[in-house]
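Chemist: My questions will all concern the structure given below.
The values are calculated or read from the model by the stated rules, or taken from the named source; none is laboratory data. As the structure is a computational prediction, the values presented were derived from the model and not from experiment. Cβ placement follows ideal geometry from the backbone for every residue including glycine, while neighbour counts extend to all protein chains displayed. Heads up: the accessible areas ignore ligands, DNA and RNA and are worked out on the full protein's heavy atoms, side chains in. Shrake-Rupley method; radii C 1.70, N 1.55, O 1.52, S 1.80 Å.
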Amino acid sequence: MTKRLEADEYVAGVRAGDRGVLARAITLVESQREDDQRLARTVVAALLPDTGRARRVGITGVPGVGKSSLIEALGTHLTKTGHRVAVLAVDPSSPRSGGSILGDKTRMTALARDPAAFVRPSPSLGALGGVARHTREALLLCEAAGFDVVLVETVGVGQSEAMVAQLVDCFLVLLLAGAGDELQGIKRGILELVDVLAITKADGENVVTANRARAEFAAALHLVRAKHAEWSAPVLTCSALTGDGIAKLWAAIEAHRAAMIAAGTFATERARQQVHWMWRAIEAGLLRRFAADPKVVAMVAELEAAVRAGSVSPDHAAGELLAAFTG
Ligand code: GDP
């Protein structure tokens with residue numbers, strides 16, 4: 001990692017919209033080091049008054065659905081109409097394989113070169129909860145740097161969508177026409193998070209199947225309880241290749257925002273998310289302290305071995321360790 005700046009240098013650079021400093025500030029919030037974390041907290045706290053004004057949009061879908069192509073098309077459409085667009089990713093990389101699903105560097109090349117855009121490669125390996133928390137701080141930094149649209153991308157393969165839904169105002173799910181629901185991993189859980197659904201690659205021969213899929217998904221969505229009474233998720237079609245439907249997709253995201261603001265839900269949702277992240281930070285902090293506690297350290301290996309051997313129950317071992325920690 002390059003040399004750290006002083007807190008006020010990060011703050012001034014981010015506030016001035018300096019993309020280099022923004023990138024370094026995000027690296028700081030992602031750092032595992034305790035002193036970096038302290039510095040990061042100071043920087044984020046100083047910039048807090050400059051945050052909160054962006055459209056925060058989550059985008060999910062299975063690998064190959066066309067996320068990066070769509071983000072490129074949508075992002076370019078937005079920068080052309082005067083927006084400043086930041087793209088962040090929550091990548092459920094597997095710490096075991098070291099593999100990353102989203103993270104190759106060739107993605108979104110046009111947007112990455114666009115002076116009105118900022119594309120952040122996926123954060124390095126780490127527990128998903130931690131990655132999501134750092135993504136929230138990265139999002140705040142992007143807002144302070146003047147980006148008025150922040151797109152948060154994730155792969156639809158598990159818990160990451162639920163976390164991203166806690167970071168954003170509008171959650172967009174991308175689907176492929178023709179692939180079965182099961183194949184796309186469309187679980188009820190994801191449909192309950194969705195604010196806008198879009199069938200991708202609706203171009204050429206795909207247009208007919210895309211329209212059919214749109215009708216099917218619209219019918220399926222009717223069976224799912226709406227996330228909010230004031231908004232029923234529309235199902236759209238779009239093509240990153242031709243640009244068809246991209247403007248309409250953005251219009252739907254804006255309509256969702258307007259409906260939420262009019263109903264008062266926008267503010268209550270953001271407030272609820274703040275509390276959510278407070279508790280996630282408490283969890284992470286407690287776990288760190290717990291794992292570093294000398295009494296815990298002295299007992300944990302033996303208890304783990306006993307649990308592994310089946311001679312002590314997991315609950316009993318946890319109880320012993322927690323008692324040692326708090327006692
Ligand atoms: P991701 O894995 O979800 O990020 O998907 P990509 O954006 O990398 O796209 C996967 C593949 O679908 C690539 O080969 C793209 O060229 C193709 N693709 C993406 N968007 C479109 C589209 O709008 N129309 C067509 N025909 N192909 C597309």
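Chemist: Go over the candidates Ala305, Ala323, Ala318 one by one and state the one that is part of a helix (DSSP H, G or I) and either farther than 30 Å from Gln37 by Cα or touching a residue at least 12 places away in the same chain (Cβ under 8 Å) (or both).
Modeler: Ala305 is the lone residue from the list that is part of a helix (DSSP H, G or I) and either farther than 30 Å from Gln37 by Cα or touching a residue at least 12 places away in the same chain (Cβ under 8 Å) (or both).
Chemist: How many residues are open to solvent by less than 40 Å² (accessible area, probe 1.4 Å) and on the phi < 0 side of the Ramachandran plot when one looks only at the stretch 241-265?
Modeler: Final tally of qualifying residues: 9.
Chemist: Same structure again: Looking at the stretch 273-300 only, could you name the residues that are farther than 30 Å from Leu140 by Cβ and open to solvent by 70 Å² or more (accessible area, probe 1.4 Å)?
Modeler: If the condition is that a residue be farther than 30 Å from Leu140 by Cβ and open to solvent by 70 Å² or more (accessible area, probe 1.4 Å), then Pro294, Lys295, Val297, Ala298 are the ones that fit.
Chemist: Restricting to the stretch 194-250, give me the number of residues that are within 15 Å of the ligand (Cβ to nearest atom) and over 17 Å from Ala73 (Cα atoms).
Modeler: Total meeting the criteria: 10.
Chemist: If we keep just the residues of the stretch 25-49 that are charged (D, E, K, R) and open to solvent by 80 Å² or more (accessible area, probe 1.4 Å), which is farthest from Pro115 (Cα to Cα)?
Modeler: Looking at the filtered set, the residue picked out is Glu34.
Chemist: Hey, can you tell me all the residues within the stretch 50-79 that are hydrophobic (A, V, I, L, M, F, W, C) and either crowded, with 22+ Cβ neighbours inside 10 Å or over 20 Å from Ala165 (Cβ atoms) (or both)?
Modeler: Ala54, Val57, Ile59, Val65, Leu70, Ile71, Ala73, Leu74, Leu78 - these are the residues of the stretch 50-79 that are hydrophobic (A, V, I, L, M, F, W, C) and either crowded, with 22+ Cβ neighbours inside 10 Å or over 20 Å from Ala165 (Cβ atoms) (or both).
Chemist: From the residues in the stretch 220-231 that are assigned to a loop (DSSP other than H, G, I, E, B) and open to solvent by 90 Å² or more (accessible area, probe 1.4 Å), which one is nearest to His256 (Cα to Cα)?
Modeler: Ala229
Chemist: Now for a different question. Do we have Leu197 as in contact with a strand residue (DSSP E or B) (Cβ under 7 Å, 6 or more places away or on another chain) and either modelled with pLDDT under 85 or under 28 Å from Thr51 (Cβ atoms) (or both) here?
Modeler: no
Chemist: Also, quick follow-up: Scan (1) at pLDDT 95 or above; (2) part of a helix (DSSP H, G or I) for the single condition Met278 breaks and write down its number.
Modeler: Every listed condition holds for Met278 apart from (1).
Chemist: Further question on the same structure: Scan (1) in contact with a strand residue (DSSP E or B) (Cβ under 7 Å, 6 or more places away or on another chain); (2) near the ligand (Cβ under 7 Å from one of its atoms) for the single condition Ile59 breaks and write down its number.
Modeler: (2)
Chemist: Under 9 Å between Cβ atoms, which residue pairs at least 6 apart in sequence (or on different chains) link something in the stretch 215-228 that is within 15 Å of Leu193 (Cβ to Cβ) and of a type in the set (A, V, I, L, M) with a partner that is modelled with pLDDT under 80 and assigned to a loop (DSSP other than H, G, I, E, B)?
Modeler: Filtered contacts from the stretch 215-228: Ala220/Asp181; Ala220/Ile186.
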